[in-house]
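Since every read-out is calculated from the coordinates, none of them should be taken as a lab result. Here the structure is a predicted model, which is why all the values come from computation and not from measurement. Please note: Cβ atoms are built from the backbone with ideal geometry, for glycine as well, and neighbour counts cover all protein chains shown.
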Amino acid sequence: MGAEHVLHRTTQRPPMAVRGEGIYLIDEQGRRYIDACGGAAVSCLGHGHPKVAAALSEQASRLEYVHTGFFTSDAAERLAAMVAKMSPGTLDRVWYTSSGSEAIEAALKLARQYHLERGEKGRRHVIARRLSYHGNTLGALAAGGSAWRRLPYEPLLMDVALVDPCFEYRFAEPGESPEAYGAKAANALEREIARLGPETVMCFVAETVVGATAGAVPPVPGYLRKIREICDRNGILMILDEVMCGSGRTGTFLSCEQDGVVPDIVTLGKGLGAGYQPIGAVVCTSEVYDTVANGSGALKHGQTYNAHPVGCAAALAVQQVIREEALLDRVNSAGTRLRSLLAERFGNHPHVGDIRGRGLLQAIELVADRSTKAPFDPELALHQHAKADAMDRGLLIYPGGGTIDGRHGDHILLAPPYNVTDEELETIVDLLGDTVEAVLPS
Ligand code: PMP
């Protein structure tokens, strides 16, 4: 009942999920799906975790909602303290949102306000990267470089300067060392700043590990450190979007810890609340916070559901489970295992051009020709066929591709829960192997 009233993403109504148990989702027919992607890298504890469910229920029955214009809550403060403790450097002030897109919107406004407080009114340009995804609200979409997602809305988008990403497999010259390539990729930012005029640029935004648009692309060593230097030299804020790759997904709370950099602002979402509640966050350094606090006093922004107590209680419980069960260690060991299973299965595959990722965010890229790296014709929409075929086999994978600039092919993203077992990883890669064989054009 009611099926015809929901506006679904596609014209076809998807199956109805009725229950989740650990790594499995179960539909109304009783079919079980092994969830190898947690939606879009969201469900980092799997489904139906009793401790998180209990925390939710306790918070909802004691205090379900307060408006942040009137009150704070214990859950919001305890979660912020935990996030601050887990984040590197002085990243220790947290602004809560209900989603990743809203976190990006708030981060951009915070960056703008930071410069205003310092009297630098001319700083208004955002520089971001092609083949990136920062969300679907208009500001976040403008900051993103996913060509097909932007296309219909292009006239509505604010002007954002886009530079090439750091994507070794697709953009490095043959034989170029990762260091040389990383320096070249970072220089694209330097050139764009010079073109716009440094005094007009407010921030640079990038995903630490690119997720939805290009499929688990980590930066080459040294790239983000170079970006940090360029931002510092030009008085520009560095915003890292860790909505997908943060919150432990790659084995450290923030993925950029592995690159040895601390951004001025980082955005979180997805794994922060593990899907138990919609919650995102902006975390900024004490320097950024103090500039606003000692200036006009507060961020000129706000939404009805900021710091929602039930959202914060859920995320707090998620982070507590991750700590109690030492799940970041498990992300590291399971990530290594997943990577070697993918290498065994696809390492010599003629149509798998690249296997890449970090921790439990891993992807394979499908190519028509491994030696030239030529992608399959986007019209084939192979990634969508792979998703459908895998679902028929009881496997959930996150597909990507369909870029209209021809710079990369179809990819399949895997983001299993942090508590995944080795046996489950084997099942995932076995089923994925069957799917890849089934969908490749003969
Ligand atoms: N940033 C990144 C890196 C993301 O992967 C996403 C979601 N895929 C977002 C922002 C937007 O988050 P949301 O869908 O929760 O608005």
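Summary table
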item	result
Spatially near lysine pairs across the chain, Cα under 17 Å, sequence gap of 8 or more or different chains	4
Under the span-like rule (Cα at least 24 Å along the axis, Kyte-Doolittle mean at least -0.5), DSSP H helices of the chain	100-117, 178-196, 327-346, 422-439
Gain on full stretching of the segment that runs from residue 323 to residue 169 - 0.36 nm per residue minus C-alpha separation	52.0 nm
Least to most buried among 11, 137 (fewest other Cβ within 10 Å first)	11, 137
Extension gain (nm, one decimal) between residue 53 and residue 78, 0.36 nm per residue minus Cα-Cα	7.2 nm
Net length gained if the chain between residue 296 and residue 177 were fully extended (0.36 nm per residue, minus Cα distance)	38.1 nm
Loop-located trypsin sites (Lys or Arg not before Pro) in the stretch 69-159, at most 10 other Cβ atoms within 10 Å (DSSP)	121
Centroid-to-centroid separation of the stretch 146-186 and the stretch 226-249 [C-alpha atoms, Å]	15
Fraction of beta bridges assigned by DSSP in the chain that are antiparallel (%, nearest 5)	70
Listed residues 410, 422, 329, most fluctuating in the chain (Gaussian network, C-alpha, under 10 Å)	422
Over the chain: helical MRE at 222 nm, DSSP H runs n ≥ 4 each giving -39500 (n - 2.57), nearest 500	-11500 deg cm²/dmol
Distance between modelled label sites at residue 136 and residue 233, nm, 7 Å Cα→Cβ extension	4.0
Fluctuation leader among 415, 172, 36 - the chain, Gaussian network, Cα springs under 10 angstrom	172
Taking 408, 134 and counting other C-beta atoms within 10 Å, the order from fewest to most	408, 134
Efficiency of FRET between residue 336 and residue 437 - r from beta-carbon atoms, R0 22 angstrom, step 0.05	0.30
